[in-house]
1. Return the residues of segment 95-107 that are over 15 Å from the mean Cα position of the chain (by Cα) and open to solvent by 60 Å² or more (accessible area, probe 1.4 Å); say none if nothing qualifies.
2. Which one of these is more than 15 Å from GLU95 (Cα to Cα) and either under 14 Å from the mean Cα position of the chain (by Cα) or small (Gly, Ala, Ser) (or both): GLU53, GLU30?
3. Against the condition among the hydroxyl-bearing types (Ser, Thr, Tyr) and under 28 Å from ARG18 (Cβ atoms), how does TYR81 come out, does it pass?
4. Among the residues of segment 36-46, which ones are within 11 Å of the chain's Cα centre (by Cα) and closer than 18 Å to GLU80 by Cα?
5. Please go through segment 42-78 and give me each residue that is over 16 Å from VAL16 (Cα atoms) and of a type in the set (Gly, Ala, Ser), ordered by number.
Amino acid sequence: DLIRSRVIALVFSYEVVRDATEFERVYGTEGEWAEFFRRGRGYIGTEFLRDVEAPSRYLVIDRWESADAYNAFVAEHREEYMRRVDDTRYQYDSELRFGTFANVWDV
């Protein structure tokens with residue numbers, strides 16, 4: 001399966017009406033989630049964008065070397081992953097997962 005061997009990007013959009021500073025600390029490029037992901041083999045990094053036209057909207061893009069690398073990390077750390085999801089849910093007002101995207105260039 002070609003998608004499993006390509007760099008993937010998990011793309012999320014967040015609306016943050018309350019404490020943007022705390023959200024940025026947790027979800028930013030050097031935030032708590034990125035620190036957690038850095039333990040995983042195949043984690044490339046997190047891109048963190050704030051919408052200049054709608055400052056309460058953010059995009060978070062987590063990049064992994066492959067879907068297999070990401071899935072292996074989640075499987076290995078499932079309990080902690082789910083705890084972090086529950087613990088950080090209050091940091092935003094809404095979350096939309098756009099999807100998992102694979103690069104379309106040759107690797």
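The values are calculated or read from the model by the stated rules, or taken from the named source; none is laboratory data. Every value quoted in this text rests on a predicted model; they were computed, and no experiment measured them. Here Cβ is always computed from backbone atoms with ideal geometry, including for glycine, and neighbour counts include all displayed protein chains. What goes into the accessible areas is simple: the full protein's heavy atoms, side chains included, and nothing from ligands, DNA or RNA. Shrake-Rupley method; radii C 1.70, N 1.55, O 1.52, S 1.80 Å.
1. VAL104, TRP105, ASP106, VAL107
2. On the way: GLU53 fails: either under 14 Å from the mean Cα position of the chain (by Cα) or small (Gly, Ala, Ser) (or both).
Criteria check complete, one pass: GLU30.
3. Values: among the hydroxyl-bearing types (Ser, Thr, Tyr): yes; under 28 Å from ARG18 (Cβ atoms): yes.
Considered against the rule, which asks whether it is among the hydroxyl-bearing types (Ser, Thr, Tyr) and under 28 Å from ARG18 (Cβ atoms), TYR81 comes out as yes.
4. Residues satisfying the conditions are PHE36, PHE37, TYR43.
5. Across segment 42-78, the qualifying residues are GLY42, GLY45, SER66, ALA67, ALA69, ALA72, ALA75.
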